[in-house]
Amino acid sequence: MARWVIYTAGTLSLLLLIVSIALLISHTFMDTVERRVKQATVLKNGTEVYEDWINPPPPIYMQFYFFNVTNPLEILSGEKPIVQEIGPYTYREYRPRENVSFLDNGTAVSATTPKTYVFEPDKSVSDPHEDLIRTVNIPVVTILEMTKDNKVLKPVVEGVLKTYNEGMFVTRSVHELLWGYRDPLLSKVHVFNHSISPDFGLFYEMNTTDDGEYVFLTGSTDYMEFSQIAEWKGQKSLDWWTSDTCNMINGTDGTSFHPLISQDDSIFIFSSDLCRSLETVYERTEKVNKIPVFRFAPSSKTFANVSVNPENAGFCVPAGNCLPSGLLNVSKCKGGAPIILSSPHFYQADESLINSIDGMNPKKEDHETFLDINPLTGILIQAAKRIQVNAYVRQIEGYRVTQNIQTLFFPVMHLNESVLIDDKSAEKLNMILLNARVVSNIPFMIMALGILAGIIFIVLVCRQNKSREEGTEEERGPLIRTS
């Protein structure tokens, strides 16, 4: 009986170890998990993935920070600007998909994404209707740039500036600067050119509106194509930049990604706010709400000058007019306004830009754009899109208001559009990941049983040998013992 138990334990141990090693080499259970994830990650009507894509459950917040100018007269005399950051002014952002229509036998889907912003007083520094901000007068700067070569309109613009006491700086409420106000100069120009709106606001006509129709790939033919943008506003590429590479529409809209992401992947997102596609690369691994994530962020080369990254030559507009590292000239896609985008506080930008403005304090933890993605499912766990709006200010011949000012990329405000998975979604995802870990670890469980059976086998063999040794010694002793 003892021998039978020993032989059974040894055989079982060997068999379990062989099976576990074979399963590990063949990736049978891991392949099963990955296959199920691929099959589930498809935009298909009636699925949970589709419902979360239509109406994302995690709350999205938009925070605005403004730079208040404290020395306007000195700036006009050629001195360095001094600014003070004021904020945040926080808005809850709602962005459900609308006008959804499946195309090409379910391989693509079109939709619009209107955004609605609702003010959150508890998450804000104060009331945007009451707080006044002194900042660069973007309408004036825009008109000055537009008329710099027009000898007929120059005297007219100069006269309007004097009449309405308009200058390089304006003081308005946060609400007006964001959502719009009637500008005196633009109102006069509108009479002659109806294509120019008499109203101005950094987010003017962007509340309860969408940025155009998108066509997304559903991932039904290839999981890597899940939620990839195929078209935007009926176009497969952009036309603002000077190279085909820079005009490409790459990646998703930043709300969802394909599953089974590796550290070697480059994750692309397209942002209509930035007027371009953006490449992010793996930065580190961490946990958010107990969920493992890969953090992806733009590298320092993303907004680098052509001397550092030659591929960025296409973002020089007009062709050959390249800005210092960290800046993106989006004037062509912003109606001609001299708007220059960057990371907040010129993070990762040329040091000269930081030194040109008193009040810039770039910090990675506060000013970096990043994506935290669960690598197995591709679900976005946490993200922050951080952008700074700057106005290009310089001396323009014929306008006295600019005659002494320095050439500056003047910071107006920066925003942080952020999202963090809600507790209910995090709990549900953790259960999915737990089940996946259990299935994928079955070979290790089998190996553990094999090792346990092996330990039992060794213990039984040792005991049997010990019993034999004790028995042999007794047999060798004398039959009659004497004291």
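Some points to look at:
- Every residue from region 231-282 that is on the phi > 0 side of the Ramachandran plot and either of a type in the set (Asp, Glu) or open to solvent by 60 Å² or more (accessible area, probe 1.4 Å) (or both): Lys233
- All positions within region 296-317 that are without any contact (Cβ under 8 Å) to a residue 60 or more places away in the chain and within 29 Å of Met146 (Cα to Cα): Phe303, Ala304, Asn305, Val306
- Filter result (open to solvent by less than 20 Å² (accessible area, probe 1.4 Å) and closer than 14 Å to Tyr282 by Cα) within region 293-327: Val293, Phe296, Ala297, Pro298, Thr302
- Residues of region 395-429 that turn out to be in contact with a strand residue (DSSP E or B) (Cβ under 9 Å, 6 or more places away or on another chain) and exposed (fewer than 13 other Cβ atoms within 10 Å of the Cβ), as a count: 1
Here's the yes/no breakdown for (1) free of Cβ contacts under 8 Å to residues at least 60 places away in the same chain; (2) part of a strand (DSSP E or B):
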residue: Glu365; (1), (2): yes, no
residue: Asp372; (1), (2): no, yes
residue: Thr377; (1), (2): no, no
residue: Ile381; (1), (2): no, yes
residue: Lys385; (1), (2): no, yes
residue: Asn390; (1), (2): no, yes
residue: Ile396; (1), (2): no, no
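- Test: Asp358 is open to solvent by 20 Å² or more (accessible area, probe 1.4 Å) and without any contact (Cβ under 8 Å) to a residue 60 or more places away in the chain: no
- Residue list for region 361-416, restricted to those being farther than 22 Å from Leu178 by Cβ, within 26 Å of the chain's Cα centre (by Cα) and charged (D, E, K, R): Lys363, Lys364, Glu365, Glu368, Asp372
- Of the criteria (1) open to solvent by 50 Å² or more (accessible area, probe 1.4 Å); (2) assigned to a loop (DSSP other than H, G, I, E, B), which one Thr285 fails: (2)
- Within region 144-192, tally of residues that are open to solvent by less than 50 Å² (accessible area, probe 1.4 Å), under 23 Å from Ile75 (Cα atoms), outside any strand (DSSP E or B) and of a type in the set (Phe, Trp, Tyr): 0
The values are calculated or read from the model by the stated rules, or taken from the named source; none is laboratory data. None of these values were measured; they are calculated from a predicted model. Cβ sites come from the backbone with ideal geometry, for glycine too, and all protein chains shown count toward neighbours. Remember, those area values only see protein heavy atoms, side chains included, never the ligands or the DNA or RNA. Shrake-Rupley method; radii C 1.70, N 1.55, O 1.52, S 1.80 Å.
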